[in-house]
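Before any comments, here is the structure.
The values are calculated or read from the model by the stated rules, or taken from the named source; none is laboratory data. Because the structure is a prediction, the values reported are computed rather than measured. Methodologically, a virtual Cβ is constructed for each residue, glycine included, from the backbone with ideal geometry; neighbour enumeration extends over all protein chains shown. Ligands, DNA and RNA are stripped out before the accessible areas are found, and what is left, the full protein with its side chains, is counted by its heavy atoms. Shrake-Rupley method; radii C 1.70, N 1.55, O 1.52, S 1.80 Å.
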Amino acid sequence: MNPSTRQQFLQDQAAERAASYWRRCRNLSFALLLIWALATFGGIFFARELSFSFFGWPFSFWVAAQGLLLLYCALIAYYARAMRKLEAACLDQSKKAASAAASASG
């Protein structure tokens, strides 16, 4: 393989890795936003059915005010952990590709 073809091949692989990373990042963000929207709007909509009193307040108030905040914190923690794992995997893949390119050229 001549050097220009090899260079193009390595650039194509790098572009493919970057596209894969952003696709996975976008899918994760979309899934978590969908959970957020369903919980926010669905939870508040169906909370009206919970009509008993909880410490003097309607239970639906507690679900909306406290339960959803806990869900939001859990979503943020999951997003941070998942992105850390995704970025570590992509960095590891990039390092392997760079070392393979360096060993093949030298």
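Could you say whether any residue in region 63-73 is open to solvent by 80 Å² or more (accessible area, probe 1.4 Å), among the β-branched types (Val, Ile, Thr) and at pLDDT below 80? Looking for residues that are open to solvent by 80 Å² or more (accessible area, probe 1.4 Å), among the β-branched types (Val, Ile, Thr) and at pLDDT below 80, one finds none in region 63-73, hence no.
The listed residues are 21, 79, and the only one of them that is of a type outside the set (Gly, Ala, Ser), in contact with a Leu (Cβ under 8 Å, 6 or more places away or on another chain), modelled with pLDDT of 85 or more and open to solvent by less than 60 Å² (accessible area, probe 1.4 Å) turns out to be 21.
Selection of region 24-42 for residues being open to solvent by 50 Å² or more (accessible area, probe 1.4 Å) and either in contact with a strand residue (DSSP E or B) (Cβ under 7 Å, 6 or more places away or on another chain) or within 30 Å of residue 64 (Cβ to Cβ) (or both) yields 26, 27, 30, 33, 34, 35, 36, 38, 41. Pairs linking a residue in region 16-32 that is within 19 Å of residue 74 (Cβ to Cβ) and of a type in the set (D, E, K, R) to a residue that is assigned to a helix (DSSP H, G or I) and open to solvent by less than 60 Å² (accessible area, probe 1.4 Å), with Cβ atoms under 9 Å and 6 or more positions apart or on different chains, do not occur.
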